[in-house]
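The values are calculated or read from the model by the stated rules, or taken from the named source; none is laboratory data. What you are looking at is a predicted structure, and each value in this text was computed from that prediction instead of being measured. Ideal geometry is used to build each Cβ from the backbone, glycine not excepted, and the neighbour counts take in all protein chains shown.
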2 protein chains.
Amino acid sequence: MAPSFVSNGNFAADSSGSGTVTGRRTSVYSEIQINRIDHDLPLPSVLKKHFKIVDGPGSSAAGNPDEIAKLFPNMFGQPSSKLVPSDSNTVVPDHKLKIGLVLSGGQAPGGHNVISGIFDYLQDRAKGSTLYGFKGGPAGIMKCKYVVLDSDFIYPYRNQGGFDMICSGRDKIETPEQFKQAEETVKKLDLDGLVVIGGDDSNTNACLLAENFRSKNMKTHVIGCPKTIDGDLKCKEVPISFGFDTACKIYSEMIGNVMIDARSTGKYYHFVRLMGRAASHITLECALQTHPNITIIGEEVAAKKLTLKDVTDYIVDVVVKRAAVNYNYGVILIPEGLIDFIPEVQQLIAELNEILAHDIVDEGGLWKKKLTDQSLKLFEFLPKAIQEQLMLERDPHGNVQVAKIETEKMLIQMVETELEKRKQEGTYRGEFKGQSHFFGYEGRCGLPTNFDAMYCYALGYGAGALLHSGKTGLISSVGNLSAPVEEWTVGGTALTALMDVERRHGKFKPVIKKAMVELEGAPFKKFAFLRDEWALNNRYFSPGPIQFSGPGSDAISRTLLLELGAQA
Amino acid sequence: MAPSFVSNGNFAADSSGSGTVTGRRTSVYSEIQINRIDHDLPLPSVLKKHFKIVDGPGSSAAGNPDEIAKLFPNMFGQPSSKLVPSDSNTVVPDHKLKIGLVLSGGQAPGGHNVISGIFDYLQDRAKGSTLYGFKGGPAGIMKCKYVVLDSDFIYPYRNQGGFDMICSGRDKIETPEQFKQAEETVKKLDLDGLVVIGGDDSNTNACLLAENFRSKNMKTHVIGCPKTIDGDLKCKEVPISFGFDTACKIYSEMIGNVMIDARSTGKYYHFVRLMGRAASHITLECALQTHPNITIIGEEVAAKKLTLKDVTDYIVDVVVKRAAVNYNYGVILIPEGLIDFIPEVQQLIAELNEILAHDIVDEGGLWKKKLTDQSLKLFEFLPKAIQEQLMLERDPHGNVQVAKIETEKMLIQMVETELEKRKQEGTYRGEFKGQSHFFGYEGRCGLPTNFDAMYCYALGYGAGALLHSGKTGLISSVGNLSAPVEEWTVGGTALTALMDVERRHGKFKPVIKKAMVELEGAPFKKFAFLRDEWALNNRYFSPGPIQFSGPGSDAISRTLLLELGAQA
């Protein structure tokens, strides 16, 4: 099954000209990568023997069930499914399947293992089946660009990071024309099933496809898999999205290193912005893993309706208190999406977009009179560099590019200014030097941790089982994750049960609500209980690099542990 | 010897109020950190039995030996020393020593192990000795701020990153008054020896101290140890400075992750700036470890007298060629100090400093007439944001802050502009999106690799042996590093042999010449041989995280291997 390795792990170059998008097969592997390929992937015990599917009670929706029912007449109300041991095969053993799969959106460590899981299911339980990988994300479905995934093709990607086996993309299947293209592709390939590996949007899309195929009496079933390092696609049955564990561990290693640097050097405040625009799960998890002096959680900022000045003052107050005990250093975590959580900033940006679109921005600054008082005050409070960024950098639609604002640098400047004031008032005598960091891309493609490797494999294997059992419109759900793998539960949850509607352009649009940090949840409460202690005393914790064997290698994320009720 | 751990590694809180600068003793350790503490530190076999010191021939200097001889009348010409096996003890076994040590300058993984090595030498060979750790760098010597290092104090730092055991600092002992303070401290503590763990400047300082103490017939001997992640303190006898190995592995892991991200996403050029201002060793080593598409080596840029436009064009040419084969992504490594290697940039900055100091910078731009033609042309070529940074951000002396220029962002903007031109000329049809990264602080304080852990321990143990044998003015030298530890050589090299003079303020000043990337050296030549292949074909190599056991854990840096003549 395994292609032969030469001693340095040099895969034989593939010159078959198959036009593959992957470069991996001609790559030279590092020792750790080679070692990981053969890392054992144990399955939950229910997947190791005969199983049958047991359906639970009918489901509803996360919100507005009536509207969801209208949007998904065929899918709405489906029960959740659970795999349970059985005395015999409940699925036809010689039923060969044709399954397509697609990776959708940003990368997350473990995606390749979902694919390995689906493939191995088919090998084990539906021999002779065919697995198609659509290339470059949903566009691959629409354009019918695919590769047949056989064991030689898949094998080198086992337990490897990245999505480069078939790559990913951010296109959406939205318009009637696009749905038609998708239909043509699944008909052409005669697909029994399609697995959509993606985040909230992609899984919403998966459900729309399932509804569409069913409404047209097509045989193609659709199963989703929960992917995103951001950790914001989860619910009771789907305890975590894959990739979160690995990404947070990579970031936490680096934060831990920076903490030791801060303490050794004694003169820098490190402002670390962490990926995760919509929700602050990554920031919270990294805080629980590393115990920084200050952590800003977007959801709290929003709930308390804090202003940028409030956030600045909170940081400044801690800096001043630390200076009083001669700690002129520290580590501060900031979620990438902080700005989006501050209502006054949203307001300012909306006003600026309006002004930039319709008015002349004069050098003299007369245009500022068009701002509301509150927005003008905020604008004047912003550092010059940020003011300019807001005015100059616009996206193709002429809008302010909020994503380009380097929040960590902005905060450093605002803290500097405020500290200068306090110095003049005589309430601060320390020294402040900020260092900015952004940890993002380096965490999305790391080698998956043992947890993500096994979790993804189970998600994929389970997705195969759900399709084989004739299920559609479900998201693969693996649970009981704080127990040993053998005891993990496997099943599927109705995608419509995760949905609510949003009003866009006068129409209801179904959305899987992003799971935000719950201020009443165990992870945030634990953090809130400890943060004052972390602020003034240095309780830095350095997890070190991900280890694949030995100490620490089997730990799961603090967030997950806490949410599952354990004492992390 | 080891303090007892509770199961989660929680060190008993120290409330003795000893005023220690360390926070480590009250820290909770991660599993990996705890595990590393007990990691075995094998010694070179010569250090395991009786040894004696054999002196080689007298030494000279790296340049201007006459001037070095004048500056160091007592130290100049000292032979290098080598430890060789002996039948009996050559040092008085009950000769108790009083030794001080100091960590100087920026952090490098392994510093704590140098200290452990010195301490263990004294425990093993000069029982009853006292080891003083000066706190906060050379300032600790001048102010006589120290802590007595006993085994309980040192133990928790074994194999741990950072310098937080006694912290570090960048002060220098330079003025007659400061030398006097140092003299007073070593007299007060009755020191037999002082170990200076630092980079080129600190080791120069160590030699000046050695000379000074000797000239005054003081008994205090001084030994240096080669520390810097930058890898620019090395010579034949000192094959590498410690910390380089760990830092490069941490950076290479992240670069490797970013490469997989680049290949999976297919739409970003990642510009990665790497720490290392004076020399490009880190960038070269990371390139050899990861095979990026483009790598800029400062020393080559300087040797070929390239302009910023040349560097931009080189990048743009590769981007254009890659676009032609549909690769609209890539990874580019840039040394932190790139700008310092470009003569025309230096010229422009010198002119700007002059203008900023003496002239009025008018909004209309008339001040630009004061620039030479070449500098004006370069200034106009720079992106607007960089122009503003050059004009606005000045250090306390009013000078342009070159270190603050984010070279990677500057290059992204210049590449964008140039590609836009080529698009209009019809010679480029790709898409270009740059992502910038700076990897620095997260690498300086990681858990030392097995190599750095063992190398540092041997450096420290050897430093103890040199002091015990009455040596002074040497730098601890451990060699034969591509062989197993048992076969490593141990000795000391005359610090004056590493020196040259520089003319400053009309006087000769001794300096240890920074070791730059040698364009004729094996590492650069290997890189130069392979870079075109890496540019157009993707030969990305992802080393993965540092592993402390199992595959890859015993590899040493490519630079070192190649310099030692091996085929890396």
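Based on this model, can you work out whether A:Val186 counts as over 14 Å from A:Asp452 (Cα atoms), under 25 Å from the mean Cα position of the chain (by Cα), more than 14 Å from chain B (Cβ to nearest Cβ) and touching a residue at least 40 places away in the same chain (Cβ under 8 Å)?
Against the criterion (over 14 Å from A:Asp452 (Cα atoms), under 25 Å from the mean Cα position of the chain (by Cα), more than 14 Å from chain B (Cβ to nearest Cβ) and touching a residue at least 40 places away in the same chain (Cβ under 8 Å)), A:Val186 does not qualify.
State all residues of region B:245-302 that are in a loop (DSSP other than H, G, I, E, B), within 18 Å of the chain's Cα centre (by Cα) and within 12 Å of chain A (Cβ to nearest Cβ); if no residue qualifies, say none.
B:Met275, the sole residue that qualifies.
Under the condition of being within 14 Å of another protein chain (Cβ to nearest Cβ) and among the charged types (D, E, K, R), which residue from region A:500-552 is farthest from B:Thr246 (Cα to Cα)?
A:Glu533
Which residue pairs have Cβ atoms closer than 7 Å, lie 6 or more positions apart in sequence or on different chains, and pair a first residue in region A:538-565 that is among the basic types (Lys, Arg) with a second residue that is modelled with pLDDT of 85 or more and in a loop (DSSP other than H, G, I, E, B)?
Cβ pairs passing all conditions: A:Arg539/A:His291.
Look at region A:32-49 and say how many of its residues are touching a residue at least 40 places away in the same chain (Cβ under 8 Å) and in a helix (DSSP H, G or I).
Here the count works out to 8.
For region B:75-113, give me the residue count where each residue is among the hydrophobic types (A, V, I, L, M, F, W, C) and within 14 Å of chain A (Cβ to nearest Cβ).
Going through region B:75-113 one residue at a time, the tally reaches 3.
Which ranges mark the helices (runs of 4 or more DSSP H) fully within region A:371-449 that have 1 or more residues being within 14 Å of another protein chain (Cβ to nearest Cβ) and modelled with pLDDT of 95 or more?
A:407-425, A:441-444
Among the numbered criteria (1) without any contact (Cβ under 8 Å) to a residue 40 or more places away in the chain; (2) more than 18 Å from A:Phe213 (Cα to Cα), which one does A:Phe179 miss?
Failing condition for A:Phe179: (2).
Would you check which residues across region A:536-552 are surrounded by fewer than 23 Cβ atoms within 10 Å (Cβ to Cβ) and of a type in the set (Gly, Ala, Ser) and list them?
A:Ser549, A:Gly550, A:Gly552, listed by residue number.
Six or more apart or on different chains, Cβ atoms under 8 Å: show the pairs whose first residue is in region B:124-141 and within 14 Å of chain A (Cβ to nearest Cβ) and buried (at least 21 other Cβ atoms within 10 Å of the Cβ) and whose second is of a type in the set (A, V, I, L, M, F, W, C) and part of a helix (DSSP H, G or I).
As it stands, the answer is B:Gly133/B:Ile115, since those pairs meet every condition given.
Which condition from (1) modelled with pLDDT under 95; (2) closer than 30 Å to A:Gln547 by Cβ; (3) of a type in the set (Asp, Glu) is the one that B:Asp452 breaks?
The one condition B:Asp452 does not meet is (1).
Working only within region A:498-526, note down all residues that are within 22 Å of A:Asp317 (Cα to Cα) and under 21 Å from the mean Cα position of the chain (by Cα).
Scanning region A:498-526 gives a single hit, A:Phe524.
Residue by residue through region B:54-78, note down the ones that are touching a Gly at 6+ places or on another chain (Cβ under 8 Å), aliphatic (A, V, I, L, M) and buried (at least 16 other Cβ atoms within 10 Å of the Cβ).
B:Met75
Name the residues in region A:356-368 that are in contact with a helix residue (DSSP H, G or I) (Cβ under 8 Å, 6 or more places away or on another chain) and farther than 12 Å from A:Arg394 by Cβ, would you?
A:Asp359, A:Ile360, A:Trp367, A:Lys368
Read through the list (1) on the phi > 0 side of the Ramachandran plot; (2) within 14 Å of chain B (Cβ to nearest Cβ); (3) crowded, with 16+ Cβ neighbours inside 10 Å; (4) among the small types (Gly, Ala, Ser), then give the number of the only condition that A:Ala555 fails.
Result: A:Ala555 passes all but (1).
Restricting to region B:355-412, and then to whatever is buried (at least 17 other Cβ atoms within 10 Å of the Cβ) and among the polar types (S, T, N, Q), can you tell me which residue is farthest from the chain's Cα centre (by Cα)?
Out of the qualifying residues, it is B:Ser375.
If you scan region B:491-506, which residues turn out to be in a strand (DSSP E or B) and either of a type in the set (Val, Ile, Thr) or touching a residue at least 24 places away in the same chain (Cβ under 8 Å) (or both)?
B:Gly491, B:Gly492, B:Thr493, B:Ala494, B:Met499, B:Asp500, B:Val501
Do you know which residues across region B:520-568 are of a type in the set (D, E, K, R) and within 16 Å of B:Cys286 (Cα to Cα)?
Selection gives B:Lys525, B:Lys526, B:Arg531, B:Arg539, B:Arg558, B:Glu563.
A quick yes/no check of all residues on (1) in contact with a helix residue (DSSP H, G or I) (Cβ under 9 Å, 6 or more places away or on another chain); (2) of a type in the set (Lys, Arg); (3) within 14 Å of chain B (Cβ to nearest Cβ):
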{"position": "A:Lys143", "(1), (2), (3)": "yes, yes, no"}
{"position": "A:Leu149", "(1), (2), (3)": "yes, no, no"}
{"position": "A:Phe153", "(1), (2), (3)": "yes, no, no"}
{"position": "A:Arg158", "(1), (2), (3)": "yes, yes, no"}
{"position": "A:Gly162", "(1), (2), (3)": "yes, no, yes"}
{"position": "A:Cys167", "(1), (2), (3)": "yes, no, yes"}
{"position": "A:Arg170", "(1), (2), (3)": "yes, yes, yes"}
